[in-house]
Amino acid sequence: MFKTIKYNDQYLAKILLKRTLLFILFVMTVLFLPWYWSIIRLLYNQWQVGAFNQVNWFMICLPLVISLWVLGYFGWFIPWLYRVYALDHDNLIAHYLSSIEIRQLLSLLVVSKGFYDTDSDEKGQYVKYFPKIRVKFLFKTGQLMIEQPVDGQKYMQQFSKGEFDTAVEIALLADKQTTEFAKNKMTSTFAFEPIKFRRKLLELEARKGVLQVAKGIDWKFDKFYNALIAGNVGTGKSYTMFSIIGQLLTLTKYVDILDPKNSDLASLKHLPELEGHVFSDVNDITKCVADYYDKMMKRAEIMERKKSKGVIGSYFDFNFAPSFLIFDEFGAFTEMGDSLPYGSDERTNFDLAMSKMSQIAMLGRELGFYILIGMQRPGTDSLPTSIRNQLNLRINMGVPTPEVKRMMFPDTQKEFHPLSNDLKGWGFIQSGNEEVRSFFAPEIPKDFNLHEYMREQIAKREVA
């Protein structure tokens, strides 16, 4: 149910606090009314007999003291509910308090942005126009829907351009997911609790052309081909890659993994099921890239022969399985290559591999040959433009630096902020030109074993 935001909602919490305290005072007065009446009779009788100085003033003042104490307690308790209880709980009371806070904040945003008009008459100043903004709370999914006017009024352009949405994202630390336009209005959906969209690693289910990242966030690799995952040590980059590789292994056996720093992914070479598909030595990596490119071109020749007979389509129309080249620590690989002496066989092979990576990035989509690059800090010196421009899924774990933001999400106006100070594995994701969204990577179970997980994923494909 949508609730309309009003001008006076900017004082909503204070108004409700005053009304609550007045109600409590009224209830206390009614409850103590017999006591007050007996006190009045006692004082009257004592006055008549001239024993006013023998009155027990403690008992006389006790109901008033109790009333003031109860009012003081609730005067502290109600703000505590707003500041502490609502943040730590997920129930009807917490939801109601959160809705009050958000409605008040939305009204304050309209006023602070100046999206309203006032006028005055002999009675004083009054609000002449206040935009019709309505809000709907979806606490079960941690979402917020805000309906804004696009009705030809004075501030329509500011709303339609997303100025109010940007202010909401910053003020609520929310994440805009979608915006839909209808007659005279636009409705933006925000996630104000991204943790509720987190999936569990062992519950991920890949399907044809689609990998799950979070609830409502998928990687449709046939549409948003090629991916880049960036993040410093400890941000959850590796585990995010584990979740993607695991799903890929349920779809196809054509997954090659490159890890020049010989870290976690390189350990997969000890799995018999992945023998010949995991490399960490620079020479082996350059050879793998060359082989991957050759396989791509061989498929291109086969498809071209079929198309010469009038058959059209992409790789899946010809019943080819997708192939993936997972290249972690790509920045380290480019640094290693740049340090090789010019003219050496190793340097020649490295330069050739980089050239073929660019070709794979540009030509691979229609042929079903994809790349996923992982690196800590993408930059122009470590990630060539010819490759970077073909990476249509971009994930940054943690809050990106200004330089990384310009590299990863050059067109966004989104303000990035931490999603949690206690939990790891969160970041920001963009598919193509869609909105940049915040997300939590799949939850890793306790006692997680990388090799056992990959074996289980490969077994799912073999059973299917």
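The values are calculated or read from the model by the stated rules, or taken from the named source; none is laboratory data. Small disclaimer: the values here were computed from a predicted structure and weren't measured. FYI the Cβ positions are ideal-geometry reconstructions off the backbone, even for glycines, and counts take in every protein chain you see.
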Taking the condition surrounded by fewer than 20 Cβ atoms within 10 Å (Cβ to Cβ) and either in contact (Cβ under 8 Å) with a residue 40 or more places away in the chain or among the acidic types (Asp, Glu) (or both), does residue 409 pass? no
Mind listing whichever residues of the stretch 169-189 are buried (at least 20 other Cβ atoms within 10 Å of the Cβ), at pLDDT below 90 and touching a helix residue (DSSP H, G or I) at 6+ places or on another chain (Cβ under 8 Å)? 174, 175, 176
Scope the stretch 249-275; condition of a type in the set (A, V, I, L, M), part of a helix (DSSP H, G or I), under 23 Å from residue 320 (Cβ atoms) and within 31 Å of the chain's Cα centre (by Cα); matching residues: 249, 251
Starting from residues that are part of a helix (DSSP H, G or I) and either without any contact (Cβ under 8 Å) to a residue 24 or more places away in the chain or over 34 Å from the mean Cα position of the chain (by Cα) (or both), keep the ones in the stretch 314-330 and report whichever is surrounded by the fewest Cβ atoms within 10 Å (Cβ to Cβ). 317
Selected residue (only one of 58, 74 is surrounded by 10 or more Cβ atoms within 10 Å (Cβ to Cβ) and either over 23 Å from residue 144 (Cα atoms) or free of Cβ contacts under 8 Å to residues at least 40 places away in the same chain (or both)): 74
Given (1) free of Cβ contacts under 8 Å to residues at least 12 places away in the same chain; (2) assigned to a helix (DSSP H, G or I), identify the lone condition not met by residue 218. (2)
From the list 172, 144, which residue is out of contact with any Asp or Glu (no Cβ under 9 Å at 6 or more places or on another chain) and under 19 Å from residue 413 (Cβ atoms)? 172
May I ask you to verify whether residue 107 is crowded, with 17+ Cβ neighbours inside 10 Å, part of a helix (DSSP H, G or I), at pLDDT below 90 and among the polar types (S, T, N, Q)? no
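Suppose we filter the stretch 331-354 for residues that are of a type outside the set (Gly, Ala, Ser) and free of Cβ contacts under 8 Å to residues at least 60 places away in the same chain; how many remain?
Summing the residues that are of a type outside the set (Gly, Ala, Ser) and free of Cβ contacts under 8 Å to residues at least 60 places away in the same chain in the stretch 331-354 gives 11.
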Just to be sure before I move on: is residue 120 over 16 Å from residue 108 (Cβ atoms), of a type in the set (Ser, Thr, Tyr), surrounded by 15 or more Cβ atoms within 10 Å (Cβ to Cβ) and out of contact with any Gly (no Cβ under 8 Å at 6 or more places or on another chain) in the structure I sent? no
Within the stretch 273-295, residues in contact with a strand residue (DSSP E or B) (Cβ under 6 Å, 6 or more places away or on another chain) and in contact (Cβ under 8 Å) with a residue 40 or more places away in the chain come out as 285, 292
Could you run through the stretch 357-384 and say how many residues are among the β-branched types (Val, Ile, Thr), in contact with a strand residue (DSSP E or B) (Cβ under 9 Å, 6 or more places away or on another chain) and outside any helix (DSSP H, G or I)? 2
How many residues are more than 30 Å from residue 450 (Cβ to Cβ), out of contact with any helix residue (DSSP H, G or I) (no Cβ under 8 Å at 6 or more places or on another chain) and loosely packed, with under 14 Cβ neighbours inside 10 Å if we restrict to the stretch 261-313? 10
Does residue 342 qualify as being over 34 Å from the mean Cα position of the chain (by Cα) and either assigned by TED's automatic domain parsing to the domain that holds residue 268 or of a type in the set (Asp, Glu) (or both)? yes
Residues (closer than 14 Å to residue 138 by Cα, without any contact (Cβ under 8 Å) to a residue 60 or more places away in the chain, in contact with a Lys or Arg (Cβ under 9 Å, 6 or more places away or on another chain) and not polar (S, T, N, Q)) located in the stretch 176-198: 190, 196
Can you name every residue in the stretch 199-211 that is part of a strand (DSSP E or B) and in contact (Cβ under 8 Å) with a residue 60 or more places away in the chain? 200
